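Engineer: Have a look at this one.
All of the numbers you see were taken from the coordinates with simple rules; none came from a lab. Predicted model only: the values in this text are computed from it and were never measured. Positions of Cβ are generated from backbone atoms using ideal geometry, with glycine treated the same way; all protein chains shown enter the neighbour counts.
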Amino acid sequence: MAEVLVYVDHVDGAVRKPTLELLTLARRVGEPVAVALGDGAADTAATLAEYGAVKVLTHEAAEYDDYLVVPKVDALHAAVEAVSPAAVLVPSSGEGKEIAARLALRIGSGIITDAVDLEAGDEGPVATQSVFAASFSTKSRVSKGTPVITVKPNSAAVEAAPAAGAVEAFAVTFSENATGTKVTARAPRESTGRPELTEAAIVVSGGRGVNGAENFGLIEALADSLGAAVGASRAAVDAGWYPHTNQVGQTGKSVSPQLYIASGISGAIQHRAGMQTSKTIVAINKDAEAPIFDLVDYGVVGDLFDVVPQLTEEIKTRKG
Amino acid sequence: MSLRIVVTVKYVPDATGDRHFADDLTVDRDDVDGLLSELDEYAVEQALQIAEDADDAEITVLTVGPEDAKDALRKALSMGADKAIHVEDDDLHGTDAMGTSLVLARAIEKAGFDLVISGMASTDGTMGVVPALLAERLGVPQVTLLSEVSVEDGTVTGRRDGDAASETLQASLPAVVSVTDQSGEARYPSFKGIMAAKKKPVESWDLSDLDLEAEEVGLEGAYTVVDSAAERPARTAGTIVKDEGEGGKQLAEFLAGQKFI
Ligand SMILES: Cc1cc2nc3c(=O)[nH]c(=O)nc-3n(C[C@H](O)[C@H](O)[C@H](O)COP(=O)(O)OP(=O)(O)OC[C@H]3O[C@@H](n4cnc5c(N)ncnc54)[C@H](O)[C@@H]3O)c2cc1C
Ligand SMILES: Nc1ncnc2c1ncn2[C@@H]1O[C@H](COP(=O)(O)O)[C@@H](O)[C@H]1O
């Protein structure tokens, strides 16, 4: 069976969930061979094997941390030459898309970004994409070269499928441009203890209606009562009330949780772009005409300062 | 020596309009009003600020697109860019990111550059790959997805806020930069700027000016095919209640019914 390369997103050996989803999708197209780079690369193997990686190609070098993107492209390029895969799958982060694009260009292949599903087809893997603020769904394929496809988080269920996961170090020669962009400082994000926005089953978001950083406590309390992640509209982020990492929408994160609760958010097209594929959508807004109500399964027309605390209390009571 | 900045800008269908696909499954550009992609306004803004801080700089805005794409160039010129290049050719219809980056790279080389500034992504395709592809094609460093950028003594420095960390990046010119919508609000064209823009030069180039063949671009040259496009079914209308004191409790009841509590 043909091999499919899966680029591993990990932090010091801890594999992030979207990579495990990629392994599920990769198995539909071929045998997953993972590529893990940088510090802790070999530590990823046990997890990757549990979810279906037949092989884990590893390479450690300081360049991956010290310089932007190109060293990773060089490595993935070397892996493609070593394996001759049927496809290459990369998680759809900002960096993932850049790595994938440069790789595709080097190997004379087409690239598809932000797939939300992937299946085998007669002429190679077929990717489903969600476009125009998720109002259309398209099916595309790469018509030249080895398909390079980036996949959004939450595009497949993580399924255990134990495989050998044999660790194999591979050789990488860095290109002349590998050291072009130096990372001179790095400040890791502080963890909030809440679930990761793109991975959470429930997302509770606040917008301009929350009216101040101090009031985001209300949104956080509701989120905590449900074990949810906290999101924000760009209006709330631009006002400085909540960090940009929590922004939902076109220029923030795309989320597709089981439940999305929007409070004080009007539902502009750019916000919808990041949340309209959520399974169940709930909104609280004092304006009955707000476009967010076109999307909801349940909506409350009312003041969020009354509705949200009452909801939080009621949830706590019911949960006991 | 003058700092030569090229800003790549895209003319896109208005996101608040009813966007859809043409029969050949390319983005329909006829039925919806177009405009300069909002995300490229941030690129023009940062170019203007970098130019203001430099002793001597010249900003060229560059677009690859149909006749109407001139509107995007005019807008950028009225914000304060110095001149514009419009790459236009019937054979470009249906060009994908690979092809677009090829045309842009050729045009950038022909124009001459020290710094290329792009938006983080186009608002229609939203791929966010063209800047990285330009860096690969031009063989220069990419300093991309920046929420903060500055240029000094031939070095570009910027901050990239990623998922796991916030990074400070540095590279020597020439380089390709892309900026996010966190980089600082874009200015509105002034009346004076709008008037001045009318007199600024806009050059038109076609594929032959860039030594490119029709087969290298367009639908024929594309590396990907779209087989189908379907409109997402509208969500079924939900229940909407007015809060009369019990709105939070009613909502909790709904969530419990859906097994979220
Ligand atoms: C290129 C581009 C990219 C963008 N990307 C994003 C993005 O990624 N994410 C994003 O969110 N936006 C994005 N936007 C911005 C988007 O267009 C909207 O401006 C933004 O989503 C509005 O945020 P909001 O709904 O919080 O604010 P508003 O539109 O001002 O809505 C606030 C809502 O709160 C309600 N409200 C006020 N007070 C209360 C109260 N006490 N109780 C209940 N309801 C109340 C009001 O009725 C109103 O409906 C982008 C725009 C552009 C041009
Ligand atoms: N046709 C085009 N003409 C000029 N610039 C473009 C074009 N397409 C993309 N770009 C630039 O590349 C950036 C990223 O686009 P994309 O990779 O298509 O999301 C945009 O913000 C523009 O700066």
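Engineer: Amide H neighbours of B:Glu148 under 5 Å, counting only residues 5+ apart in sequence or on other chains, H built in-plane at 1.01 Å?
Structural biologist: Counting only residues 5 or more places away or on other chains, the set is B:Arg159.
Engineer: Taking the dipole about the Cα centre of the stretch A:7-116, with the C-beta of Lys and Arg at +1 and of Asp and Glu at -1, give me whichever of A:Gly40, A:Ile99, A:Val29 is farthest to the positive side.
Structural biologist: My answer, from the dipole projection, is A:Val29.
Engineer: Partner chain Cβ atoms within 10 Å, averaged over the residues of A:207-214 - can you pull that number for me?
Structural biologist: On the way: counts 0, 0, 0, 0, 0, 0, 0, 0.
Rounded to a whole number, the mean comes out at 0.
Engineer: Between B:Val6 and residues 5 or more places away or on another chain, which pairs have amide H atoms under 5 Å apart, with H built 1.01 Å from N, and which residues are they?
Structural biologist: B:Thr60, B:Asp114, B:Leu115, B:Val116, B:Ile117
Engineer: As a test of understanding, state the convex hull volume per residue of the stretch A:111-160 from its alpha carbons, in Å³.
Structural biologist: Numbers: hull volume 4.5 nm³, N = 50.
So the per-residue hull volume is 91 Å³.
Engineer: Specify which residue in the list A:Gly207, B:Ser2, B:Ile240 is farthest towards the positive end of the charge dipole of the protein assembly as shown, using unit charges on the beta carbon of Lys, Arg (+1) and Asp, Glu (-1), about the Cα centre.
Structural biologist: B:Ile240
Engineer: Non-local amide H neighbours of B:Ala57 (under 5 Å, H modeled in plane, Pro and chain starts lacking H): which ones?
Structural biologist: Answer set, sorted by chain and number: B:Leu3.
Engineer: Shifting gears a bit: Mind putting a number on the dipole of the stretch A:123-184 about its Cα centre? Charges go on the C-beta only, +1 for Lys and Arg and -1 for Asp and Glu, and I need it in Debye to the nearest 20. Kindly include the intermediate steps, with their values, before the conclusion.
Structural biologist: Working: 5 positive and 4 negative charges, 56 e Å.
So the dipole magnitude of the stretch A:123-184 works out to roughly 260 debye.
Engineer: Separation of the stretch A:191-266 and the stretch B:158-205 by C-alpha centroid, Å?
Structural biologist: So the two Cα centres are separated by 28 Å.
Engineer: Evaluate the charge dipole of the protein assembly as shown about its Cα centre and quote only its size in Debye, nearest 20, assuming +1 on the Cβ of each Lys and Arg and -1 on the Cβ of each Asp and Glu. Before the final figure, lay out each step's value.
Structural biologist: Values: 49 positive and 91 negative charges, 250 e Å.
So the magnitude is around 1200 debye.
Engineer: Hey, got a sec? Which trypsin sites (Lys or Arg not before Pro) in the stretch A:119-172 land in a DSSP loop and have at most 11 other Cβ atoms within 10 Å? Please list the in-between numbers first.
Structural biologist: On the way: sites: A:Lys139, A:Arg141, A:Lys144; in loops: A:Lys144.
Counting only loop positions with at most 11 other Cβ atoms within 10 Å, none of the trypsin sites (Lys or Arg not before Pro) in the stretch A:119-172 qualifies.
Engineer: Also, I was wondering about something else. So what's the back-of-envelope 222 nm ellipticity for chain B, counting only DSSP H runs of four-plus at -39500 (n - 2.57) apiece and dividing by all residues, rounded to 500? Intermediate results must be reported in sequence, preceding the final value.
Structural biologist: On the way: 7 runs with 72 residues, N = 261.
Value at 222 nm, helices only, nearest 500: -8000 deg cm²/dmol.
Engineer: Further question on the same structure: Please give the average number of partner chain Cβ atoms lying within 10 Å of the Cβ of each residue in A:186-196, rounded to a whole number.
Structural biologist: On the way: counts 8, 6, 5, 6, 0, 0, 0, 0, 0, 0, 1.
For peptide A:186-196, the averaged partner shielding equals 2.
Engineer: Another question, if that's okay. Over the protein assembly as shown, what is the percentage of antiparallel beta bridges among all DSSP beta bridges, to the nearest 5?
Structural biologist: Details: 42 of 116 bridges.
Of all bridge pairs located within the protein assembly as shown, approximately 35 percent are antiparallel.
Engineer: Would you compute, from DSSP H runs of 4+ residues alone, the mean residue ellipticity of chain A at 222 nm, taking -39500 (n - 2.57) per run and dividing by the full residue count, rounded to the nearest 500?
Structural biologist: Working: 9 runs with 86 residues, N = 320.
Mean residue ellipticity at 222 nm (helix-derived): -8000 deg cm²/dmol.
Engineer: Let me ask something else. How big is the stretch B:3-216 on each of its three principal axes, counting only the C-alpha atoms and giving the largest first in Å?
Structural biologist: Its Cα atoms span 48, 41, 37 Å along the three principal axes.
Engineer: One-quarter of the Cα convex hull surface for the protein assembly as shown, in nm²?
Structural biologist: Values: hull surface 104.9 nm².
Here the figure is 26.2 nm², rounded to one decimal.
Engineer: Could you state the principal axis extents of the C-alpha atoms in the stretch A:27-110, from the largest down, to the nearest angstrom?
Structural biologist: The Cα atoms of the stretch A:27-110 stretch 30, 29, 24 Å along the principal axes, largest first.
Engineer: Explain nothing, just the number: dipole magnitude of chain A about its Cα centre with +1 on each Lys and Arg Cβ and -1 on each Asp and Glu Cβ, in debye rounded to the nearest 20.
Structural biologist: Working: 26 positive and 39 negative charges, 103 e Å.
That gives a dipole near 500 debye.
Engineer: Can I ask one more? Roughly what % of DSSP beta bridges within chain A run antiparallel, to the nearest 5? Don't skip to the answer; put the middle values down first.
Structural biologist: On the way: 12 of 56 bridges.
Antiparallel bridges: around 20 percent, rounded to the nearest 5.
Engineer: Among the GluC sites (Glu not before Pro) in the stretch A:148-245, which ones are in a DSSP loop with at most 13 other Cβ atoms within 10 Å of the Cβ? Mind listing them? All intermediate terms of the calculation are to be shown ahead of the outcome.
Structural biologist: Numbers: sites: A:Glu159, A:Glu168, A:Glu176, A:Glu190, A:Glu196, A:Glu199, A:Glu214, A:Glu220; in loops: A:Glu159, A:Glu190, A:Glu196, A:Glu199.
Loop-located and lightly packed - A:Glu159, A:Glu190.
Engineer: Along the charge dipole of chain B, pointing to its positive end and built from +1/-1 on Cβ of Lys, Arg, Asp and Glu, which listed residue (B:Ser101, B:Ala54, B:Ser228) has its Cα farthest out?
Structural biologist: B:Ala54
Engineer: Once you've got the Cα coordinates, tell me which of A:Lys279/B:Lys249; A:Lys253/B:Lys110; A:Lys97/B:Lys70; A:Lys72/A:Lys253; B:Lys10/B:Lys199; A:Lys152/B:Lys10 are over 27 Å apart.
Structural biologist: On the way: A:Lys279/B:Lys249 21 Å; A:Lys253/B:Lys110 37 Å; A:Lys97/B:Lys70 29 Å; A:Lys72/A:Lys253 23 Å; B:Lys10/B:Lys199 21 Å; A:Lys152/B:Lys10 24 Å.
Over 27 Å apart, Cα to Cα: A:Lys253/B:Lys110; A:Lys97/B:Lys70.
Engineer: In sequence order, what are the phi-derived ³J(HN,Hα) couplings for the stretch A:203-209 according to the Karplus relation 6.51 cos²θ - 1.76 cosθ + 1.60 with θ = phi - 60°, rounded to whole Hz, with x for glycine and proline?
Structural biologist: Those phi angles translate into 10, 10, 10, x, x, 4, x Hz.
Engineer: Considering every residue in A:304-310, what mean count of other chain Cβ atoms within 10 Å of its Cβ is obtained? Numbers along the way, then the final one.
Structural biologist: Details: counts 3, 0, 4, 8, 3, 1, 9.
The shielding value for this peptide is 4.
Engineer: Using the alpha carbon gyration tensor of the stretch A:168-320, what are the three equivalent-ellipsoid semi-axes (square root of 5 times each eigenvalue), largest first, in whole Å? Provide the component values of the computation, followed by the final result.
Structural biologist: Working: eigenvalues 231, 60, 49 Å².
In descending order the semi-axes read 34, 17, 16 Å.
Engineer: Compactness ratio of the stretch A:3-179: Cα Rg over 2.2 N^0.38 Å, N = residue count?
Structural biologist: Values: Rg = 14.9 Å, N = 177, 2.2 N^0.38 = 15.7 Å.
Working it through for the stretch A:3-179, the quotient is 0.95.
Engineer: Suppose we keep just the DSSP beta bridges with both residues in the stretch A:3-179; what percent of those would be antiparallel, to 5? Please report the intermediate quantities before stating the final value.
Structural biologist: Working: 11 of 35 bridges.
Percentage antiparallel, nearest 5: 30.
Engineer: A further question on this structure: State the percent of C-alpha pairs, over all pairs in chain A, separated by a distance greater than 33 angstrom. Before the final figure, lay out the partial values.
Structural biologist: On the way: 16582 of 51040 pairs.
Tail fraction, whole percent: 32.
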